Structures are given as C-alpha cells and as structure tokens.
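Beneath this line is the structure, given in structure tokens, with notes to follow.
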Amino acid sequence: MVNNESSTKLINWQLPLYTALATFIICFLDALADSDGILYFLLSVLVSALLLIFLLSAAIAKKGRLCLSILSILVVYSILSFALFQSHYVIRNAARWSLWSPLYKAEVLAQPAPANGELKHIEWDGWGFPGAGDTTVYLVFDPTDSLAAAARRHQPGKFDGIPCTVRLVSHMQNRWYAVLFYTEQRWGRNHDCYL
C-alpha cells in the first residue's frame, strides 16, 4: 500500500495561500479600474456568502477536512478583504501612480502657471453615488513642497495654493500630492471652491 502524504494532512495549506494571492490580485485590479471600491466590497460579500454556503454543505455532509479547508479559505479571504477594502484609497493611489505617473505629470506640468498663486492641478480621482454626492481628488504639483507637513499630519485643513479646506493631503512623490476634497466640493473655475 502506498502512503499518500496528502491524505494524512488535515488541511490543504495551498488553498489559503492561493486565496491570499487571488485576493491581492483582485484588489489590485479593482484599484486600477475606475471603481470606488464598492465593486470590490460587493464581490467580497458575494464570495464570502458562497464560501459560507460551501462550509455549511461540507459540515452537513460531515466532511471534516473539507470543512477545515473551506474555513481556512474563508478566514484568510475575509481578513485580507477587510484590510484591503479599508486601504482602498491608499492602494488605488499607489497603483495608479506607479503605473501612470509620467502621463499625469506631463498633463499637470503642461498647464500655464496660475497667476493667482494656486498650485497646478488636475482631477486625479473621484467617486460618488446618486443621492450621496461626488467626492473629488486632485493631483497637485507643489514646487516648494509646502504640502509635505500636511501630508505627514493626515489632518484636514486650509493650505496655501489650494482654494478650499480639504479632508486629506497624501504624498505621492517629492512635490506631488493627491488632495482629497470634501464631498460635493470642487476646485472652481473662478479660482474658488464651489458646491
């Protein structure tokens, strides 16, 4: 009789590892898509519900090893999905910046210098839902790096070169920042904030 090593294992640890890898890939692809994270959240809920159904089926059929494998997949998937969803904005900024920063930089730097002291900027990101309002993020070029302290503090405020009080300033690279405005607030055409 041949002793099959895999039959003596209680849990197949490859399944949770593949689950972790797939979760990271799906999160990264969602970060690159034109999505505000709600698609990733809905997908996570659907996958978790399916895994719970499979777990319940395996438990009813009294398949102990299968239950443990499905449970390990569910735990890994749930923990990673929650953590990645909580960090969606940071992941999205990092992914987009690492892939397409030269294009965004060229677009911003091609703008004429604003005469009113405002910083050069373009719309970088945004999301919203009918009835809840739209949120806009601007990519800002700050030649003096005056936004560096604001990016370190992670606190809202009014900063030189930006006409509005903003929720968050994120450091992308020296002199480059993502500036998150409050919902329904935009950098106005008349160099003012408008709702």
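The values are calculated or read from the model by the stated rules, or taken from the named source; none is laboratory data. Please read all numbers here as calculations on a predicted model, not as lab measurements. Backbone-built Cβ (ideal geometry, glycine too); neighbour counts: all protein chains shown.
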- line: Checked Glu184, Glu123, Glu107, Glu118 against criteria (among the charged types (D, E, K, R), part of a helix (DSSP H, G or I), surrounded by fewer than 18 Cβ atoms within 10 Å (Cβ to Cβ) and over 15 Å from the mean Cα position of the chain (by Cα)); the one match is Glu107
message: Being in the same structural domain as Leu180 (by TED's automatic domain parsing), surrounded by fewer than 10 Cβ atoms within 10 Å (Cβ to Cβ) and either of a type in the set (A, V, I, L, M, F, W, C) or part of a helix (DSSP H, G or I) (or both): is that true of Ala151 here?
response: no
query: For the stretch 38-54, does any single residue satisfy the condition of being in contact (Cβ under 8 Å) with a residue 40 or more places away in the chain, in a helix (DSSP H, G or I), surrounded by fewer than 17 Cβ atoms within 10 Å (Cβ to Cβ) and touching a Gly at 6+ places or on another chain (Cβ under 9 Å)?
result: no
